[in-house]
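Read through the structure below, which is laid out as structure tokens, and then see the notes.
The values are calculated or read from the model by the stated rules, or taken from the named source; none is laboratory data. In this text the structure is predicted, and so the values were computed from the model without any measurement. Cβ atoms come from the backbone with ideal geometry, glycine included; neighbour counts cover every protein chain shown.
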Amino acid sequence: MPDLDNLTSFAAVDFLSMTPEGADAIVVLLSAQFHLPEPKSDPSRPLVPVDEPPDPPMEDVYHGAPDRSSLVVEGQTACGRAGTDVYVTGEATAPGSAPVTELIVRVGVGPCRKELLVVGDRQWENRLTGLWASPPEPFVTMPLAYEHSFGGSTTSLFGRPLFEPRNPVGRGLHASRQDAAGRQLPNLEDPADRIARWSDRPSPTGLGPIARSWEPRRSLAGTFDEVWVEERAPLWPVDFDATFFHAASPGLVAPSPLQGGEAVILDGLHPGGRIACRLPRRRFLVTAAFRDRTDRRTMRLDGVWIQTTPPTVTLFWRAAIPAVGRLSQHRQTVVRELRSWEDDGPFAPPDPAGGDGSPST
């Protein structure tokens, strides 16, 4: 495939992909990283780009071993998404860096809203009236990783492995009262669904991306059975659900693509207090030249990644160019920023469902 001609000041890559229907597509992914402002900064001031924009992450990055830890960021290899994912990674931080036993983390990005209760370390203690959680220990920072949310693995009363398919790397899953005694409780909880008993099974909660192999995301990929092997492979299963491409935690998926300019509100992520700003509003155009035609697509903002260390926000824009039977005719791909006087009207948006839209020629 010819090299991508990137005329923007940000980082971009292109790669071959396959739509859910099995059609070839050329995907162009652009990422732009900006500094998060300090608390109490003017929220209307434009965000400042970092000096050297990093390349888009194309491989999964984990907090530890891939089979025993949660995702920091998912490799951005999806053909497309119907809406926009929002991920937050890093640490919750107590106000003024003064130790606390609990704090609330709030994230708001446009229509996306999520609240987490962050609690200090606790253990289940044996008392005459049953198992009770010990008082939480003070903390200044707490990782926002799923390792600190409900989940994990243990051994059942019958000696079989038992794990939480929604978060196999978490903590708090127990087979019995004896199994729970002396074990840690989760640090990250849903304020509306707090753990009260050792046998509770709340939904794991977090702000980072959910791994493809975890439920309920895994089931959205469809059925990979013998029929699939014999009749469908390597295409997606017939019961594939395109929402599988969304990795964000519940509450942090915008059903329609964000446009830029949306308000961002972050509480509990900085010792100085609330961070407020707006997403940059940038528009990009991809032009793919084939031997017999030219295809133009505006890029869709389908990912927002907020990090506390370093304090940055990274935006991902994506466009998918249908290339059924035309890969050998592909001559050049160019990505550029739309000028202020240009609008999106003449150009077709990317279609994550695999349709070819209405490209201009």
Which listed residue is in contact (Cβ under 8 Å) with a residue 60 or more places away in the chain, more than 19 Å from the chain's Cα centre (by Cα) and over 19 Å from Val88 (Cα atoms), from Arg339, Arg281, Arg297, Arg274: Arg297
Restricting attention to segment 5-20, and to residues there that are within 24 Å of the chain's Cα centre (by Cα) and more than 20 Å from Gly260 (Cα to Cα), which single residue is surrounded by the fewest Cβ atoms within 10 Å (Cβ to Cβ)? Leu16
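Could you list, in sequence order, the residues of segment 139-173 that are aromatic (Phe, Trp, Tyr) and either more than 17 Å from Pro204 (Cα to Cα) or assigned to a strand (DSSP E or B) (or both)? Steps first, answer last, please.
Initial filter on segment 139-173 (aromatic (Phe, Trp, Tyr)): 139, 146, 150, 158, 163.
Answer for segment 139-173, where residues must be aromatic (Phe, Trp, Tyr) and either more than 17 Å from Pro204 (Cα to Cα) or assigned to a strand (DSSP E or B) (or both): Phe139, Phe150, Phe158, Phe163.
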Arg177 versus (1) modelled with pLDDT under 95; (2) buried (at least 17 other Cβ atoms within 10 Å of the Cβ); (3) out of contact with any Asp or Glu (no Cβ under 9 Å at 6 or more places or on another chain): which is the lone unmet condition? (2)
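Can you confirm whether Pro136 is surrounded by 16 or more Cβ atoms within 10 Å (Cβ to Cβ), in a loop (DSSP other than H, G, I, E, B) and not aliphatic (A, V, I, L, M)?
Numbers: surrounded by 16 or more Cβ atoms within 10 Å (Cβ to Cβ): yes; in a loop (DSSP other than H, G, I, E, B): yes; not aliphatic (A, V, I, L, M): yes.
Answer is yes for this residue.
Among the residues that make up segment 106-113, is at least one of them β-branched (Val, Ile, Thr), crowded, with 16+ Cβ neighbours inside 10 Å and not in a strand (DSSP E or B)?
Filtering segment 106-113 down to residues β-branched (Val, Ile, Thr) leaves 107, 109.
Next, from what is left, pick out any that are crowded, with 16+ Cβ neighbours inside 10 Å: 107, 109.
Still in the list and also not in a strand (DSSP E or B): none.
The answer is no, given that none of the residues of segment 106-113 is β-branched (Val, Ile, Thr), crowded, with 16+ Cβ neighbours inside 10 Å and not in a strand (DSSP E or B).
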Given (1) at pLDDT 95 or above; (2) surrounded by fewer than 21 Cβ atoms within 10 Å (Cβ to Cβ), identify the lone condition not met by Ala289. (1)
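Okay, residues lined up against (1) under 30 Å from Glu102 (Cα atoms); (2) in contact with a Ser or Thr (Cβ under 9 Å, 6 or more places away or on another chain); (3) of a type outside the set (D, E, K, R):
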{"position": "Pro237", "(1), (2), (3)": "no, yes, yes"}
{"position": "Leu279", "(1), (2), (3)": "yes, no, yes"}
{"position": "Thr294", "(1), (2), (3)": "no, yes, yes"}
{"position": "Arg297", "(1), (2), (3)": "no, yes, no"}
{"position": "Ile306", "(1), (2), (3)": "yes, yes, yes"}
{"position": "Pro310", "(1), (2), (3)": "yes, no, yes"}
{"position": "Ala323", "(1), (2), (3)": "no, no, yes"}
Test for Phe290: is it of a type outside the set (Lys, Arg) and touching a strand residue (DSSP E or B) at 6+ places or on another chain (Cβ under 7 Å): yes
Restricting to segment 198-239, give me the number of residues that are in a loop (DSSP other than H, G, I, E, B), of a type in the set (Lys, Arg) and out of contact with any Lys or Arg (no Cβ under 8 Å at 6 or more places or on another chain). 2
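Name the single residue that is farthest from Glu337 (Cα to Cα) among those in segment 230-264 being of a type in the set (D, E, K, R) and surrounded by 14 or more Cβ atoms within 10 Å (Cβ to Cβ).
If we filter segment 230-264 for residues that are of a type in the set (D, E, K, R), which is where we start, we get 230-232, 239, 241, 262.
In the following step, the residues that additionally are surrounded by 14 or more Cβ atoms within 10 Å (Cβ to Cβ) were identified as 232, 241, 262.
Working: Arg232: 39, Asp241: 32, Glu262: 19 Å.
Within segment 230-264, the match that is farthest from Glu337 (Cα to Cα) is Arg232.
Among Ala78, Ala94, which is in contact with a Pro (Cβ under 8 Å, 6 or more places away or on another chain), at pLDDT below 95 and of a type in the set (A, V, I, L, M)? Talk me through it step by step, then tell me what you get.
Working: Ala94 fails: at pLDDT below 95.
Result: Ala78 is the single residue among Ala78, Ala94 that is in contact with a Pro (Cβ under 8 Å, 6 or more places away or on another chain), at pLDDT below 95 and of a type in the set (A, V, I, L, M).
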Just the residues that are surrounded by 13 or more Cβ atoms within 10 Å (Cβ to Cβ), in contact (Cβ under 8 Å) with a residue 60 or more places away in the chain and over 22 Å from Ala221 (Cα atoms), please, taken from segment 55-101. Pro56, His63, Val88, Thr89, Gly90, Glu91, Ala92, Thr93, Ala94, Pro95
Residue pairs within 6 Å by beta carbon, gap of at least six or interchain, first lying in segment 174-201 and within 25 Å of Ala92 (Cα to Cα), second exposed (fewer than 13 other Cβ atoms within 10 Å of the Cβ) and at pLDDT 95 or above, listed first then second, are none
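Working carefully through the options Ala94, Ala82, Ala11, Ala32, find the one that is touching a Ser or Thr at 6+ places or on another chain (Cβ under 6 Å) and under 23 Å from Val313 (Cβ atoms). Show your work before the answer.
Working: Ala94 fails: touching a Ser or Thr at 6+ places or on another chain (Cβ under 6 Å); Ala82 fails: touching a Ser or Thr at 6+ places or on another chain (Cβ under 6 Å); Ala32 fails: touching a Ser or Thr at 6+ places or on another chain (Cβ under 6 Å).
It is Ala11.
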Of (1) among the charged types (D, E, K, R); (2) touching a helix residue (DSSP H, G or I) at 6+ places or on another chain (Cβ under 9 Å); (3) crowded, with 18+ Cβ neighbours inside 10 Å, Asp24 satisfies all except one. Which? (3)
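If I filter segment 242-256 down to residues being in a loop (DSSP other than H, G, I, E, B) and closer than 12 Å to Val109 by Cα, which single residue comes out as farthest from the chain's Cα centre (by Cα)? Explain how you work it out, then say what you get.
Step one: of segment 242-256, the residues in a loop (DSSP other than H, G, I, E, B) are 246-252, 255-256.
Narrowing the set further to residues that are closer than 12 Å to Val109 by Cα leaves 251-252.
Values: Gly251: 11, Leu252: 8 Å.
Looking at residues that are in a loop (DSSP other than H, G, I, E, B) and closer than 12 Å to Val109 by Cα, I get Gly251.
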